[in-house]
1. Probe radius 1.4 Å, ligands and nucleic acids left out: which of ARG155, ARG144 has the largest accessible area, and how do the rest follow?
2. Using 0.36 nm per residue, how much length does the chain from ARG85 to ASP59 gain when fully extended, once their Cα-Cα distance is taken away?
3. Relative contact order of the stretch 148-274: what whole-number percent is it, with Cα pairs under 8 angstrom and at least 6 residues apart?
4. So if R0 is 22 Å, what FRET efficiency would MET217 and LEU177 give, r being the distance between their Cβ atoms, rounded to the nearest 0.05?
5. Which residue, chosen from GLY186, PRO145, GLY129, occupies the Cα position most advanced towards the positive end of the dipole of the stretch 113-243, where the dipole is computed from +1 (Lys, Arg) and -1 (Asp, Glu) charges on Cβ about the Cα centre?
6. How many percent of the accessible area of the stretch 35-183 is carbon or sulfur, using a 1.4 Å probe?
7. Considering only protein heavy atoms, with the full assembly of protein chains and a 1.4 angstrom probe, order TRP111, TRP164 by accessible area, largest first.
8. Report the FRET efficiency, 1/(1 + (r/R0)^6), for ARG167 and ARG259, where r is their Cβ-Cβ distance and R0 is 22 Å, rounded to 0.05.
Amino acid sequence: MPFSGDLHERVANAPAVPPGLPLVMLLTGFTDAGNAVSGLIEHLRETADPQPIAIFDNDMLLDYRARRPVISFDQDHLTEFRPARLELSLATDALGQPFLLLSGYEPDFAWNAFATTVLDLAAEFAVSGISWVHSIAMPVPHTRPIGTTVSGNRRDLAGVHSVWRPRTQVPATAGHLLEFRFVERGDRAVGFVLLVPHYLAETENPDAVIAAAEKLMAATGLVLMLDDVQARREDYLAKVDEQVLGNDELQQMVHNLERRYDAYMAGRNPEDGSYDEGGFNERDLPSADELAAELERYLASRPSGDDDKTGRG
């Protein structure tokens, strides 16, 4: 059935949605350091059996020339056209617990109308709360756990999981707008910003995918299968460590980042979860951009027999 001006189309014969499910939002777009969001979307599409309920209209929300869809060419003819996907689905975790999943590209247009549509769908299905995640590049070492900044109105989660609490202005995403509208309406909402090592930001980093999944599990009580990602993580980190050990400048950079990270974490006030905001910065990093580019080239140029999911995104 064609779209009739609405931003989305309801799927015929879609599964019934029980009321009171958590809503997980994963939107790719402005920032996705370490391919955390896109990697988790791909993983959940393979493991959580998402059944589409509503499909959003690409012609109304997507800038095709900025983010061109993929088409396959076979010698002398075209074989497959793969448009981007933005959809609301009913998915299940490893224990069979259902949840709603809004996943796909971040809309380029009609943000206010998109937010209103999502809020209306959430109200229709009486969701218990919304959780979302995105990732940014930060001067932190890969040898330490990926930290997060937490936003929203879940103070229980912010006190435990928020390791960096800046006062700043940042370019907004559609996810920010959705969180803002949900909180404004009085719904339970939490957003996690993953702080991914800047020198690994352009790679497909399994650590970032695992961190994204773990934060969403903490917020929702879901149990997500991560065995395949864990297996890729071991191979990925082994190759990163191999490159670092073979380069004195990389070793020095990681050592400096570890020293600053540890000093920063030691300054945390356990009573209020606050931190010295001056801990993470890029001052005195030895040619970080060049070192990052070298590491990315190494990961991208590994023989084709290796697991290609651990290479560059």
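The values are calculated or read from the model by the stated rules, or taken from the named source; none is laboratory data. Predicted model, so just to flag it, every value in this text is computed and none were measured. Positions of Cβ are backbone-derived with ideal geometry, glycine not excepted, and every protein chain shown enters the neighbour counts. Areas reflect the complete protein model, heavy atoms only, side chains present, ligands, DNA and RNA absent. Shrake-Rupley method; radii C 1.70, N 1.55, O 1.52, S 1.80 Å.
1. On the way: ARG155 205, ARG144 65 Å².
These residues rank, largest area first, as ARG155, ARG144.
2. Details: separation 26, 0.36 × 26 = 9.36 nm, distance 1.15 nm.
Full extension from ARG85 to ASP59 adds 8.2 nm.
3. On the way: 89 pairs, mean separation 33.3, N = 127.
Reported as a whole number, the value is 26 percent.
4. With a Förster radius of 22 Å, E is 0.35.
5. About the Cα centre, the residue reaching furthest to the positive side is GLY186.
6. Values: 3820 of 7190 Å².
With neighbouring chains kept in place, the figure for the stretch 35-183 is 53 percent.
7. Largest to smallest exposure gives the sequence TRP111, TRP164.
8. Between ARG167 and ARG259 the formula returns 0.30.
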